[in-house]
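Below is one structure, written out as structure tokens; comments come after it.
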Amino acid sequence: MFVRRPGPSGRPGASGGNEPVVGALVPSTRRSPPSEPESEPQRMPRQVPTVALSLAALGVFAALGAGAAAQSSPAGPAAQQPAAASHAPALDTTGWPDKPWPPGMVWIPAGEFTMGTDDEHAMPNERPAHRVRVDGLWMDEHDVTNAEFARFVEATGYLTVAERPVDWEELKQQVPPGTPKPPDEMLLPGSLAFTPPDGPVDLREMGNWWTWTTGTDWKHPDGPKSTIEARRDFPVLQVAWDDAVAYAEWAHKRLPTEAEWEHASRGGAPTNTRYWWGDEFQPQAAVAAGTAGGAPARFMCNSFTGEFPYHDTAADGFAGVAPVKSFPPNGYGLYDMAGNVWQWTADVYRADAHTLAAEEGAKTGGCCINPRGPAAAFNPVRPMPEVMERVVKGGSFLCHPSYCESYRPTARRGMPPDTGTGHTGFRCVMTPEEWAKTR
């Protein structure tokens with residue numbers, strides 16, 4: 001059964017992340033997003049408690065640090081980034097598999113690395129650092145695009161979670177006892193649309209910039225009047241974990257584990273840094289030989305520039321989601337392993353997963369080998385801490401230092417598996433064994 005699950009709302013933490021708390025939707029003055037339909041969509045009435053609906057994934061967005069944006073708009077000259085300095089380490093390709101490789105995928109060699117962090121400025125769920133070893137595999141060089149997902153839907157007739165009505169009988173088993181049933185119109189297929197306010201708002205109230213809108217789904221990621229016709233090379237959005245798994249199985253792939261994803265995001269760098277490319281958010285770009293003047297700093301990922309959530313300056317070239325491969329790849333050739341869209345992983349989410357892994361490693365005197373994540377979910381900030389969540393990684397184009405700085409490799413959040421958002425996508429991996437069977 002596929003239903004949307006609830007989550008609490010949130011507020012920014014001093015470390016640049018989020019400390020989730022429970023809150024209700026509060027109306028605010030909004031300007032209509034470009035894709036808002038002429039006819040008024042069904043919106044969540046104020047009296048309906050946030051935890052009563054799948055759209056109460058508002059709280060999930062709080063934990064993730066903001067969500068789906070209105071349709072991306074390239075910012076003219078700013079979209080032309082200067083040539084980047086080389087942040088890719090020299091890789092030893094000895095032992096790498098012979099080509100051909102799976103189309104559109106790059107090889108991520110086996111390796112041991114430090115997962116998580118001991119940085120006191122990181123969120124508690126990112127700590128402590130511990131050693132992990134993973135096997136080699138192929139990973140999609142970029143997030144699954146609208147065009148790729150469309151081929152899957154055309155081949156299978158698949159209907160995503162956001163395109164199905166919410167099953168209240170199932171949903172009420174996942175919310176606190178006594179939660180009232182929302183109006184029937186709120187159980188129609190749909191999702192949350194980003195509706196930026198006109199000015200500063202209380203960041204503890206996600207309802208200040210989110211609106212539940214019927215008709216919002218992967219084909220209409222910003223509302224029922226929006227379209228993906230001009231966004232074929234953009235990441236597919238409004239896909240739940242269940243949708244991502246269905247696509248991966250069709251493609252003879254799977255979702256990466258959290259450990260596989262974090263290892264790949266580092267790009268083969270010999271030491272861990274705050275971002276995959278280093279410790280400076282905007283490193284200096286390379287200067288061509290014989291040129292004069294200082295090298296301009298450049299953006300390495302798509303994030304929210306300006307004043308969150310009401311004014312995105314598009315200083316990085318985009319106001320909203322960007323096409324895949326708009327920013328430099330890491331050392332393995334992976335694009336958008338920071339910012340743009342959050343990415344589903346296979347792991348069940350526990351806030352204390354790193355603590356448990358480190359304790360187990362200390363007992364055995366070694367590192368974790370191919371960890372698959374915890375067996376049961378646990379998120380103490382949720383009204384129902386043991387409701388299933390899956391790990392998402394990478395941050396999104398709405399991450400901002402004042403609210404969420406999750407475009408770091410160690411950042412991690414929990415997300416209900418039957419909840420899609422306008423800033424969450426996915427990419428897949430394939431093992432050598434699976435590739436041998438499909439060649």
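What the table shows:
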| item | result |
| --- | --- |
| Residues satisfying the stated conditions in region 135-159, i.e. surrounded by 20 or more Cβ atoms within 10 Å (Cβ to Cβ) and touching a Gly at 6+ places or on another chain (Cβ under 7 Å) | Asp140, Asp143, Val144 |
| Filter result for the condition that a residue is within 14 Å of Arg427 (Cβ to Cβ), part of a helix (DSSP H, G or I), among the acidic types (Asp, Glu) and within 21 Å of the chain's Cα centre (by Cα), over Glu249, Glu260 | Glu260 |
| Given (1) in contact with a Ser or Thr (Cβ under 9 Å, 6 or more places away or on another chain); (2) surrounded by fewer than 24 Cβ atoms within 10 Å (Cβ to Cβ); (3) within 19 Å of Gly199 (Cβ to Cβ), index of the condition Pro323 fails | (3) |
| Those residues of region 159-202 which are assigned to a strand (DSSP E or B) and in contact with an Asp or Glu (Cβ under 9 Å, 6 or more places away or on another chain), in sequence order | Gly190, Ser191, Ala193, Phe194 |
| Selection count where residues are more than 10 Å from the chain's Cα centre (by Cα), assigned to a loop (DSSP other than H, G, I, E, B) and at negative phi, scope region 336-366 | 4 |
| Enumeration of residues in region 278-308 that are modelled with pLDDT of 95 or more, polar (S, T, N, Q) and either in contact with a Gly (Cβ under 8 Å, 6 or more places away or on another chain) or over 30 Å from Phe194 (Cα atoms) (or both) | Asn302, Ser303 |
| Candidates Ala66, Ala90 - the one that is out of contact with any helix residue (DSSP H, G or I) (no Cβ under 6 Å at 6 or more places or on another chain), modelled with pLDDT under 90, hydrophobic (A, V, I, L, M, F, W, C) and under 30 Å from Tyr403 (Cα atoms) | Ala66 |
| Checklist (1) over 20 Å from the mean Cα position of the chain (by Cα); (2) at pLDDT below 90; (3) of a type outside the set (A, V, I, L, M, F, W, C) applied to Asp418, failing item | (1) |
| Residue within region 213-234 that is closer than 29 Å to Ala90 by Cα and at pLDDT below 95 present | no |
| Residue check for Pro374: assigned to a loop (DSSP other than H, G, I, E, B), modelled with pLDDT under 95 and surrounded by fewer than 24 Cβ atoms within 10 Å (Cβ to Cβ) | no |
| Filtered residue count, region 134-158, keeping only those that are in a loop (DSSP other than H, G, I, E, B) and among the acidic types (Asp, Glu) | 3 |
| Where Pro323 falls short, out of the listed (1) at pLDDT 95 or above; (2) farther than 29 Å from Ile228 by Cβ | (2) |
| Hits in region 142-171 - residues which are more than 13 Å from Ile228 (Cβ to Cβ) and small (Gly, Ala, Ser) | Ala155, Gly157, Ala162 |
| Tally, over region 380-427, of residues that are surrounded by 24 or more Cβ atoms within 10 Å (Cβ to Cβ), of a type in the set (A, V, I, L, M), out of contact with any His (no Cβ under 8 Å at 6 or more places or on another chain) and in a loop (DSSP other than H, G, I, E, B) | 1 |
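The values are calculated or read from the model by the stated rules, or taken from the named source; none is laboratory data. Quick caveat: nothing in here was measured; it's all calculated off a predicted structure. Methodologically, a virtual Cβ is constructed for each residue, glycine included, from the backbone with ideal geometry; neighbour enumeration extends over all protein chains shown.
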